[in-house]
Structure formats: C-alpha cells, structure tokens
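Everything below concerns the one structure shown next.
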Amino acid sequence: MHKDLLRLIRGEQPVLRHLAVTFAAAMAAGLLVLVQAELLAGVLSGRFTAVALAAVAGVVALRALLAWTQGVFAGRTATGVKSALRHRLLARFRELGPVRLAGHRSGELVTLTGRGLDGLDDYLTGYLPSIAVAAVVPLAVLVRLFAADLASAVIVLVTLPLIPIFGALVGMTTKAVTERQYRALTRLGGHFLDVVRGLPTLRAFGRARYQATVIREVAGAHRSATMRTLRVAFLSSLVLELCASLSLALVAVPIGLRLLGGTLDLSTALLVLLLAPEAYLPLRAMGTRFHASMEGVAAADAAFSVLDRSDDPAAPAPGRAAAVSGRPRIELENVTVRYPGRADPALDGVTLTIEPGERVALVGESGSGKSTLLNLLLGFVPPSEGRVLVDGADLRTLDLETWRARLAFVPQRAHLFTTSVADNIRLGAPAASMDEVRRAARAAYADEFVGELPDGYETRVGERGANLSAGQRQRIALARAFCRPSTSVLLLDEPTARLDGRSEAAVVAATAELSKDRTAVIVAHRPAMIELADRVIRVHEGRVVADTTRAEPALAPPGPGAASPQQENAGDEIPTSGRVER
Ligand code: ADP
Ligand code: MG
C-alpha cells in the first residue's frame, strides 16, 4: 500500500474506521463463498435436502448486503482521504505563499487538487479492498481444498502464485506508463488554463491559431499515453485470465477422469470445481483493479511531493502569537533574498529600520527589488540570509496569520474574485457592514464608478476583474485596504500606477488619510505619492542606494524605467504578489 497515504489515513480516525469496515465487509463476503460452495455442492449431489437451497439464498442475500456495505464505506473512505489530502494541499499552498508557488503552473495545481485526486477513488474503493480479499480468500479456499481433496489442492497451490508473478511483471511497466499519462494530463491542464487566460493577448498577436495546435499536440500526447496504459491494462488482464483458465483446466480435467473412474465421490468433485475458481478470482480482480487505480496513485505521489517538499529555510516553529498590536517597528538586518533558480539576489544585504508611524516611499527602477521587499514583510518570501524583526521578534518565529491581520496590503496586480463588488471590498473584513464597504470605496474613489455599474455594489465582478478597467480594479483593491481600519501597517505596491491624473490625486489624498497613525511602506514612482512620505528609500539592483528622511528634492523624477513594463501584463497572476489570501 502507498506508504504516504497510509500515514495520512492513520492520522484520520473516522477514515480509519470506514476503511476497517470496508475491509471487514469485503473479506466476509469473500469467505461466504466457501459456505455457498459447500451448500451448493451438497444440494447438487443430493447430500443435502432441497431445504438447503433456502440457506443458499440466505448466503447470497447476505453477500449482497455485505457488498452494499463495502461500497458505502469505501465511498466514505475515499471522500475522507481526498478531502484530507485537499485540505492539506490547500494549507500547504497557503504556507508556501504566492511567491514560492510560482514555480508550479497554476493549471497543474488545479488539475492535481481536482481531477487528479479524484483518480484515488479507484484505488481506495477498488484496489485496497481487493488486496484484503486476495490476502484472505485464496488461503481459506486452499485450506478447505486440502481437507477435501489433496491432489486438486496441490495443483491449485502450485499454479496460484503464477498470477501474482505475471501480474507483477506487467505491473512494472504499468507504473512508468501511467506516470507518463498523468504527466501529460497535468501538462494539458496547465497549458490549457494558460492559453485560455491569455487568449486576448494571443489574438492580438496573431498566435491563437498556433496555440490551438500546441494544445492539440499536448492533447495528442495525452491520448497516446492513455492508449498505451489501456493497452498494457488489457494485455495484463488477458495474461491473467489465460493463466487462471489454464490452471482451472489442470484442476478440472483430473477431477472429471477420477469421477469417471469412480475414485472420487460427486459431492467432493462438485465442491472442488465450485471452489477452485474462487481461489484465482480475487487475485485476478486485484490485478485488474491495480491498473484502474494507477492514475490515482500517480496523483497521490504528486500531491505528497508538494506536501513534503522541504525547501523552507528553517520551517517556522508553530507560530508564537505575533507581537502585540499597535504600530510596530520593522527592522531588516542584513537581509538577502534569492529566488530559486536566480543567480543574482533580488535583495542584497539590506539593512534598515522603519520606525513606528513612519511613512516610507520605496523608489527605484523596475526589477530593483521593491515588490520583493514587500513580499518579505508579508512573509511570502523568507530571507535567505539575515533577519526581519517586528518589534524585535524574528518574523520567522511569529504566527504569520496574526501578523498579516495587522497589514493592509495592495499588491501591484490585485486579484479580484468572481463575486460581488461589495464582497471583493470586504475580503479582508468579512464582517464589514454595507456602510463600511461604501465608506472604504469612497475613500478609494471607487464609489462613483461602482454606483454606475448595473447592480451597484452587488454587481458580480467578471473572472479576474474582466468587466472592469485596470484603474477601476486598482481602486477596488485600494478599497479593500481601506476596509480594514484596524490594521497598523500599510503596504502599497504602486497604488496609483494605472490611474488617470484626477483619480491619482484623489487616491494620494486618501492614502495620506489612511497612512495617518500607521506605519506605511509605499512603492511609488509618481512624485505626488512620494511627496506624501517622510522618508524616501531608493533601491537599485537589490541594494539601498539612498535613504533620505523628509523627501524634498533627493529623488530623480521618474525616468522611463520607472513605469514598470510588467504592470500592464495582467495576464499571469500567480507568479508575483497578486494573490490575496482569504
Ligand atoms: P520591482 O518590484 O522593484 O520591480 P521585484 O522585487 O518584483 O522588482 O523583482 C526583483 C528581482 O527579482 C527582479 O530581477 C525579478 O526578475 C526577480 N523576481 C521577482 N519575483 C520573482 C520570482 N517569483 N521568482 C524569481 N525571480 C523573481
Ligand atoms: Mg514591483
């Protein structure tokens, strides 16, 4: 059995119980076959009276009941295991954070948690119970055969192991083949999502048709991989069937001859003929189920590799309650951040202290590490070297949930969910009243355009904010931050990047209001926003190159590099800070 799954099941008491009932029902049903054969042989040979037929009917009914029980409990086991796995995966995604998940394609993760894990159904409801049956029933049948007729029992004993041997031989190729099939499936899922999201861009650049061919190719690869697994599965069943049939013939022929010769009584002969197939059946069933369950096993392997991936530098100790409330002092001590697969650090030995209530503007050209610094404060990326201290406590030892509850964050590319505008605004404060939502929207200068939407605040936002302009999306994201009045730290990543002059002035004014009595770190490139700060920190290639308190002239006006080219690229969300946790 899959050892990681076993570990998971052990930790889930209800699942363990359901699995135990499933096993018990499957094995009992298997063993009842012995009773059934006994009775049937007796009736047919005239040893028992016809009354025994009623007993046979009873046994059949009981087996049906057991099969039903097995089905129900196996279903519950599967649901329990899948939901436990999904919960863990989601918790893990949360823990990894948007930045470290960026290495995976979101479509692949979607396929894994959704369809992929559903593949476990066959494993849990089919293959596992069949193992239990295969472990018990052939043995019991053999014992009974030995008691009834030594010669036949020996033939069964010798031929029985052939089935698992052939099964294992075929199974060895199966694993590789199914893994290939599963990989093709996730690739297909990943690529499909990517293309669908980027369709407008692809259209505009005339590449939609080309992508269609790519999808066709990936789908073709999946199809041929599936055909290959099916071929192996059918071949394997054929081999096992053949093996079992030949073995049965080896039992049946001598029985017939001895019956004719009069050296065997009818009742024993019938019993052996009825029982012998039952010794092979569970093993054959196990072989068939094995193939059906392989896809689920591949998905489980993928799931556990995400769960067990240990790339967290010093996994945080179970979070100490984050430092009290109030405006914190934030210190970076010689912090270096490296993204996996990047040679140059995104932040390089940064040391700075942000005093409580200070309003800091972060400036610097695109790619200099501004968003990375915010990700660091959010706990999305861990420092590779150095420490981040909140009121003197290492961020790694703090409970990130409590810490993040104190932050109001507007990412560079905010994600809007397909729900009402109001719910999008109260994302970080689910209990907020409609009044509070409206107030937040007013502060972010979103009130006006929201009022003009068909259903006002109840208008459903299209997928990823499709029915809103970039500037409108940005203002809703700002309203989100405004809707959390209890936060003490404000983190804004280029909040005015996509706004026209008038909205920009309004948002700057609102930000000034919001940042009162809060510690604020604002990535900014427009003078109006920078004016607002009491301190301007310029970063360049991951280093702090200028740190001016009370910004008057110190900064160069935003050059062409300042308007980050990636801003408009709203197509791929997950890789950077655009994810908002619920
Ligand atoms: P800024 O916000 O100042 O434009 P970022 O902090 O986003 O810059 O990026 C700093 C550097 O880190 C850039 O070179 C960028 O390519 C790299 N980078 C940012 N995010 C990731 C990531 N998820 N994986 C790998 N490299 C990244
Ligand atoms: Mg940035």
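Stretch Asp391-Ser224 to full length: gain in nm at 0.36 nm per residue minus the Cα-Cα span? Walk me through the intermediate numbers first.
On the way: separation 167, 0.36 × 167 = 60.12 nm, distance 5.85 nm.
Answer, rounded to one decimal: 54.3 nm.
Cα convex hull of the stretch 17-57: how many Å³ per residue?
On the way: hull volume 2.1 nm³, N = 41.
Output value, Cα hull per residue: 52 Å³.
Counting Lys and Arg as +1 and Asp and Glu as -1 over every other residue whose Cβ lies under 12 Å from the Cβ of Ala176, the net charge comes to +3. Projection of the Cα convex hull of the stretch 323-395, averaged over all directions and equal to a quarter of that hull's surface, yields 5.0 nm².
For the pair Ala50 and Asp399, the difference between a 0.36 nm per residue extended length and the Cα-Cα distance amounts to 118.3 nm.
Just so you know, the averaged projected area of the alpha carbon convex hull for the stretch 186-256 sits at 5.9 nm². In the chain, the alpha-carbon atoms span a convex hull of 191 Å³ per residue. The distance between label points at Asp547 and Val35 comes to 8.2 nm (points 7 Å beyond Cα on the Cα→Cβ vector). Using the Cα coordinates of the stretch 71-196, the gyration tensor eigenvalues translate into equivalent-ellipsoid semi-axes of 43, 18, 10 Å, sorted from longest to shortest. Each residue of the stretch 283-291 is assigned a 3J(HN,Hα), and the resulting list reads 5, 5, 4, 4, x, 5, 5, 4, 5 Hz, derived from the Karplus form 6.51 cos²θ - 1.76 cosθ + 1.60 (θ = phi - 60°), x at Gly and Pro.
Among the trypsin sites (Lys or Arg not before Pro) in the stretch 433-516, those located in a DSSP loop and surrounded by at most 11 other Cβ atoms within 10 Å of their own Cβ are Lys516. Short-range pairs are left out: with C-alpha atoms under 8 Å and at least six residues apart, the relative contact order of the chain is 16 percent.
Starting from the stretch 321-426, pick out the trypsin sites (Lys or Arg not before Pro) whose DSSP state is loop and whose Cβ has at most 13 other Cβ atoms within 10 Å.
Values: sites: Arg329, Arg338, Arg342, Arg359, Lys370, Arg387, Arg396, Arg404, Arg406, Arg413, Arg426; in loops: Arg329, Arg338, Arg342, Arg406, Arg413.
Counting only loop positions with at most 13 other Cβ atoms within 10 Å, the trypsin sites (Lys or Arg not before Pro) in the stretch 321-426 are Arg342.
Here r is the Cβ-Cβ distance between Leu453 and Ala431 and R0 is 41 Å; the resulting FRET efficiency, rounded to 0.05, is 0.95. Bridges between two residues of the stretch 420-544, per DSSP, are antiparallel at a rate of about 40%.
What's the center-to-center distance, using Cα atoms, between the stretch 362-416 and the stretch 30-91 in Å? Distance between centres, Cα-based: 57 Å.
Summarise the accessible area of the chain (1.4 Å probe, protein heavy atoms) by the percent that is carbon and sulfur. Don't skip to the end; give the middle numbers.
On the way: 16520 of 27280 Å².
Accessible surface attributable to carbon and sulfur in the chain totals 61 percent.
Ratio of the stretch 421-472's C-alpha Rg to 2.2 N^0.38 Å, to two decimals? Ratio of Rg to 2.2 N^0.38 Å for the stretch 421-472: 1.05. A convex hull fitted around the alpha carbon atoms of the stretch 149-295 yields 95 Å³ per residue.
Put simply, the amide H of Arg535, placed in the peptide plane, has neighbours under 5 Å in Arg359, Ala361, Arg550, Ala551, leaving out anything fewer than 5 places away on its chain. If the label point is 7 Å along Cα→Cβ of Leu169, which residues in the stretch 230-244 have backbone nitrogen under 15 Å from it? Residues passing the 15 Å test: 235-244.
With a 1.4 Å probe and every protein chain left in place, work out the accessible area per residue of the chain in Å², rounded to a whole number.
Numbers: 27280 Å² over 582 residues.
Value for the chain: 47 Å² per residue.
Binning at 10 Å from 0, report for the stretch 433-546 what percent of all alpha-carbon pair distances ends up in each bin. Final binned percentages: 13, 44, 31, 10, 2. Just for the chain, what percent of DSSP beta bridges are antiparallel, to the closest 5? Beta bridges within the chain, antiparallel portion: roughly 50 percent.
Can you tally the net charge around Ala225? Count Lys and Arg as +1, Asp and Glu as -1, for every other residue whose Cβ sits under 11 Å from the Cβ of Ala225. Don't skip to the end; give the middle numbers.
Values: positive: Arg180, Arg183, Arg187, Arg223, Arg228, Arg231; negative: Glu179, Glu295.
Around Ala225, the surrounding residues sum to +4.
Both radii were evaluated on the Cα set of the stretch 366-432; the Rg over Rh quotient, with Rh as the Kirkwood radius, amounts to 1.04.
The values are calculated or read from the model by the stated rules, or taken from the named source; none is laboratory data. Predicted, not measured: the structure shown is a model, and the values here were computed from it. A quick note on method: Cβ atoms are made from the backbone with ideal geometry, for glycine too, and the neighbour counts reach across all protein chains shown. Heads up: the accessible areas ignore ligands, DNA and RNA and are worked out on the full protein's heavy atoms, side chains in. Shrake-Rupley method; radii C 1.70, N 1.55, O 1.52, S 1.80 Å.
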